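The values are calculated or read from the model by the stated rules, or taken from the named source; none is laboratory data. Since this is a predicted model, take the numbers as computed values, not measurements. Note: ideal-geometry Cβ built from the backbone for every residue, glycine included; neighbour counts use all protein chains shown. With ligands, DNA and RNA removed, areas are computed over all heavy atoms of the protein, side chains included. Shrake-Rupley method; radii C 1.70, N 1.55, O 1.52, S 1.80 Å.
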Amino acid sequence: MPLLILFLLISLFMIVLLWNNQNRKYQSGNTVATAYDQWTNDQLLERLWGDHVHLGFYEDERMKKDFRMAKIDLVHELVHWSGLNKLPRGSRILDVGCGIGGSARILASEYGFDVLGISISPAQIKRANQLTSKDLLCRFQTMDALDLKIENGHFDAVWSVEAGPHMPNKQLYADEMLRVLRPDGVLAVADWNVRQDSDLPMTKIERLILNQLLNQWAHPEFSSIEGFKRNLLESDFSGGLVETSNWSKQTTPSWLESIYEGFRRPKAVLDLGIPGLIKGFREVPTILLMHWAFSKGLMEFGVFKARG
Ligand code: SAH
């Protein structure tokens, strides 16, 4: 009997992965926009995880902390690590791939910055505007990060959290962010990266899992921390200074926490009825694979700070 249950669970796991694979595999920027439009309109992500679509920060791997608090902490950690907090109030900040504006609102309300958030998903921009008080210096626009409609050197800082995996051209992503940054301005990026192959070549199983992680959530490619650092350094707009760090230990607890949230806030899912339940369960296999990949070092949480 237990064997039969295990077999059924594994079969269900595989069916869900294959189904997601067909529907969410990256084809163009439109795939990404459609996926985020759906995730925003069905409200599941926001009801479960709040207004931050990114991982949380845990000082200690075994630390127990409210998941939403951990996400807010990640924003403050990145602000301080990158030196963004040294910029004067009123500094102009661009948030590239802003989701529904969680980080942008903190940058505006707690640091006094003048923030523009951009996303490829029109539904996210609409929701970001609904969630943002008119008194805040914080605006949102639908725009492609690979084709920013912004003049050179316009911003004092550029911020981008967990948007990089959706970019088919990492060099262009780096170039565009650095192009709109003023000379000596601050770039702060946090990203999901794959382990550098030359450090430890990937096994067949790892390659199989990596392909799943790419196809599940509309990711064309992951870069390595080294690879993206090179993109930043080799850009025509580079100020020549790039520093990186690996925050995998501090962020990996987020994966299981994101599943536990479903049990802590069952109403968030159940109030959406059967479709909500199905949508919630649909993400579980990918989240478990992500947890495995980050725990085993196949994936790494890279942070980058650079000067314009
Ligand atoms: N930074 C946000 C959201 C991270 S999710 C947060 O921390 O809450 C990834 C985000 O990148 C989504 O908002 C998605 O729409 C955006 N994105 C992906 N590809 C993009 C592109 N080509 N141009 C602009 N935004 C993009």
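Is the shape of the range 2-65 rounded, prolate or oblate, going by the alpha carbon gyration tensor and its root eigenvalues a ≥ b ≥ c, with a/c under 1.5 for rounded and a/b larger than b/c for prolate?
On the way: a/c = 2.20, a/b = 1.07, b/c = 2.06.
Here the range 2-65 falls in the oblate category.
What's the angle, to the nearest 10 degrees (0 to 90), between helix 2-24's Cα axis and the longest principal axis of the chain?
For helix 2-24, the angle is close to 40 degrees.
How large is the accessible surface of residue 267 in square angstrom, using a 1.4 angstrom probe and rounding to the nearest 10?
It works out to around 130 Å².
Heavy atoms only, probe 1.4 Å: what % of the accessible area of the chain goes to carbon and sulfur, would you let me know? Don't skip to the answer; put the middle values down first.
Values: 8410 of 14540 Å².
Carbon and sulfur together cover 58 percent of it.
Projected onto the charge dipole of the range 3-79 (+1 at Lys/Arg Cβ, -1 at Asp/Glu Cβ, origin at the Cα centre), which of 15, 28, 54 gives the Cα projection farthest towards the positive end?
15
Using the Cα centre as the reference, give the magnitude of the dipole from point charges on the C-beta atoms of the chain (Lys, Arg: +1; Asp, Glu: -1; all else neutral), rounded to the nearest 20 debye. Display every interim value, and only then the final one.
On the way: 34 positive and 36 negative charges, 126 e Å.
It comes to approximately 600 debye.
Mind checking the full-extension length gain between residue 66 and residue 171? Use 0.36 nm per residue of separation minus the Cα-Cα distance, one decimal, nm. Spell out each step's value before the answer.
Values: separation 105, 0.36 × 105 = 37.80 nm, distance 3.58 nm.
Result for the pair: 34.2 nm of gain on full extension.
So if R0 is 41 Å, what FRET efficiency would residue 234 and residue 296 give, r being the distance between their Cβ atoms, rounded to the nearest 0.05? Don't skip to the end; give the middle numbers.
Numbers: r = 30 Å, r/R0 = 0.73.
According to the calculation, E is roughly 0.85.
As I understand it, the value is the acute angle between the Cα axis of helix 122-131 and the longest principal axis of the Cα atoms of the chain; what does it come to in degrees, rounded to 10?
So the helix axis and the longest Cα principal axis differ by about 70 degrees.
Order 135, 144, most accessible first, counting only protein heavy atoms with a 1.4 angstrom probe.
On the way: 135 145, 144 65 Å².
Accessible-area ranking of 135, 144, largest first: 135, 144.
Over the Cα atoms of the range 54-210, Rg to Rh with Kirkwood Rh, two decimal places? Before the final figure, lay out each step's value.
Values: Rg = 16.6 Å, Rh = 16.6 Å.
On the Cα set of the range 54-210, Rg over Rh gives 0.99.
Can you list the lysines whose alpha carbon sits under 16 Å from that of residue 126, skipping same-chain ones fewer than 8 residues off?
134
How large is the accessible surface of residue 69 in square angstrom, using a 1.4 angstrom probe and rounding to the nearest 10?
Counting only protein heavy atoms, the figure is 90 Å².
If you average over every viewing direction, what projected area does the convex hull of the Cα atoms of the range 152-283 give, in nm²?
10.5
Could you check the spin-label model distance between residue 149 and residue 126? Points 7 Å from the Cα along Cα→Cβ, value in nm.
Placing both labels 7 Å along Cα→Cβ, they lie 1.8 nm apart.
If you place +1 on the Cβ of every Lys and Arg and -1 on the Cβ of every Asp and Glu, how big does the dipole about the Cα centre of the range 62-146 come out, in debye to the nearest 20?
Working: 13 positive and 8 negative charges, 47 e Å.
Dipole size: approximately 220 debye.
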